[in-house]
Structure formats: C-alpha cells, structure tokens
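Working notes, beginning with the structure itself.
The values are calculated or read from the model by the stated rules, or taken from the named source; none is laboratory data. A quick note: this is a predicted structure, and the numbers were derived from the prediction, not measured. Here the Cβ positions follow ideal geometry from the backbone for every residue, glycine too, while neighbour counts run over all protein chains shown.
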Amino acid sequence: MSAADNVSLTIHEGETLGLVGESGSGKSTLARLILRLMSPTAGRILFDGQDITDLRDRQLRPVRRQMQMVFQDPYASLNPRQSVHDILSLPLRLHFHTTAAERDGRIRELFTQVGLSPEHAHRYPHQLSGGMRQRVCIARALAVQPAFIVLDEPVSALDVSIQAQILVLLQQLRQQFGLTYLFISHDLGVVRHLADRIAVTQQGKLVELGAAEQVIVHPQHPYTQSLLASVPTLP
C-alpha cells in the first residue's frame with residue numbers, strides 16, 4: 001500500500017487548507033512530498049505554476065525559500081547546542097548575503113512578529129517553554145519570507161491554553177503577510193478554527209474535500225464522521 005495514493009490537491013494562494021486524518025493516514029508523507037523533502041514515485045508537484053517534481057537540490061534552492069515547514073515537536077526540531085539567535089541566523093546566512101548587523105536587525109524584527117522578547121535571543125531551547133520554542137520555530141520559518149508554510153501538527157505537543165495562543169498567532173501572521181498554509185492535524189476541532197477548506201485522508205487516500213464549515217456540519221464520508229465523533233464536546 002502506498003503512503004499517498006492518487007491524491008490530487010490544489011492549495012489556493014492566501015488560504016489555509018486543513019489536512020486531517022489519524023496517525024498513519026499519510027498526512028506527513030504528503031506534506032514532505034509537496035515540499036520535495038521526499039521524491040514521489042509517480043505524479044507531479046506544481047508550485048506557483050512551476051513543475052518541481054524532478055528538480056535537483058541546486059535547482060530547488062530558490063523554491064525552498066518560498067516553502068517552509070513548522071514541525072510537531074518544537075524541541076526535537078531545534079538544535080539544542082545553538083542559541084535562539086544562532087538558530088534564526090542560519091537561514092538568513094544560507095539564503096541572503098547579509099551582514100551580522102543586518103541579521104541582528106532581522107532577528108529582532110522576527111521576535112516582535114512572533115511575540116518573543118529580545119532577552120530570549122541568547123537562550124537555548126531547553127531554557128524555553130514549549131510555547132516559546134514553537135514561536136522560535138515559527139520565526140525560523142518566517143525568516144526567509146516564504147509564501148507557503150506547512151504546519152505539521154504545530155500545536156499537538158502543547159498545553160491547551162498555549163495551543164490557543166499559537167493558533168491566534170498563526171492567524172495573525174497569515175493576515176499580516178498574506179501567507180498560504182497547509183495545516184496538518186489529526187484533530188478536526190483544532191483545524192476548524194484555522195482552515196478555509198478541509199481535506200480528509202484515510203490510509204493514503206483523499207476521502208473528502210470541501211469548505212471547512214461544510215465538512216464540519218455535513219460530513220459525507222463515514223471516516224470524516226468518525227473523526228468528528230471523536231472531538232470532545234463540553235457537557
């Protein structure tokens with residue numbers, strides 16, 4: 001069985017597409033294929049009208065600046081040996097010819113955008129809370145001014161109160177910078193707060209796709225109905 005089989009998706013500029021399914025449903029594999037972190041065995045991947053399916057690493061480099069990813073575990077995705085300043089400096093050094101002073105200015109700007117204090121610049125990941133670490137990950141994704149960000153379960157490792165703060169931040173950043181999101185989650189209750197449309201995957205196949213409210217209120221596929229039934233409700 002393929003991890004992603006005959007899946008066809010279009011993500012419109014400026015929208016948030018929610019990609020939902022249980023663990024093992026192919027969500028993360030699909031995201032990595034879209035970003036060309038994995039190479040597909042069949043099919044095509046188009047980004048902004050350009051076919052990037054067979055591009056080599058050097059050819060992909062300018063495209064990669066436009067496509068970034070925020071991972072599920074903010075601790076595992078940050079280098080524990082680097083300070084926050086060094087973590088945010090790296091993409092700026094890789095993609096732009098900037099001076100140290102220019103990088104410092106850009107990092108201060110990123111801190112403001114994601115709600116971090118300048119005092120956090122020289123701290124290490126283990127010295128930050130989970131919510132702060134995820135803000136660093138978001139800042140790292142924003143550093144190269146992308147158009148498209150894949151959010152792979154970005155709040156599932158956080159406390160519920162912190163989840164809400166990060167979701168609000170993501171909404172604000174999308175509006176401020178005109179970002180396009182692919183928001184991956186196993187939780188329809190989370191996705192409904194952010195997504196314009198929702199795609200539901202099961203065992204590597206796309207089983208439902210529609211406007212967020214339509215999918216939530218009138219789910220058509222039994223799998224979608226079961227996912228909704230598992231969302232906790234207040235008594």
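Scanning segment 192-208 for residues that are surrounded by 21 or more Cβ atoms within 10 Å (Cβ to Cβ), closer than 13 Å to P219 by Cβ and in contact with a Phe, Trp or Tyr (Cβ under 8 Å, 6 or more places away or on another chain) gives a single hit, V200.
Say whether the condition of being at pLDDT 90 or above and either out of contact with any Leu (no Cβ under 7 Å at 6 or more places or on another chain) or of a type in the set (S, T, N, Q) (or both) is met by at least one residue in segment 23-30. The answer is no, given that none of the residues of segment 23-30 is at pLDDT 90 or above and either out of contact with any Leu (no Cβ under 7 Å at 6 or more places or on another chain) or of a type in the set (S, T, N, Q) (or both).
Residues in segment 192-206 that are at pLDDT below 90 and of a type in the set (V, I, T): T201 only. Screening H85 with (1) of a type outside the set (G, A, S); (2) in the same structural domain as L128 (by TED's automatic domain parsing); (3) free of Cβ contacts under 8 Å to residues at least 40 places away in the same chain; (4) buried (at least 19 other Cβ atoms within 10 Å of the Cβ) gives one miss only, at (4). Looking across segment 187-204, the residues that are in contact with a Ser or Thr (Cβ under 6 Å, 6 or more places away or on another chain) and among the aliphatic types (A, V, I, L, M) come down to V191, L194, A195, V200.
Have a look at V190, V207, V144, V231 and point out the one that is β-branched (V, I, T) and within 19 Å of E15 (Cβ to Cβ).
Details: V207 fails: within 19 Å of E15 (Cβ to Cβ); V144 fails: within 19 Å of E15 (Cβ to Cβ); V231 fails: within 19 Å of E15 (Cβ to Cβ).
None of the other options fit; the residue is V190.
Set side by side, the residues L209, L170, L182 differ, and just one is within 23 Å of M67 (Cβ to Cβ), modelled with pLDDT of 90 or more, part of a helix (DSSP H, G or I) and aliphatic (A, V, I, L, M), which is L170. The residue of segment 135-164 that is surrounded by the most Cβ atoms within 10 Å (Cβ to Cβ), among those that are small (G, A, S) and outside any helix (DSSP H, G or I), is A143.
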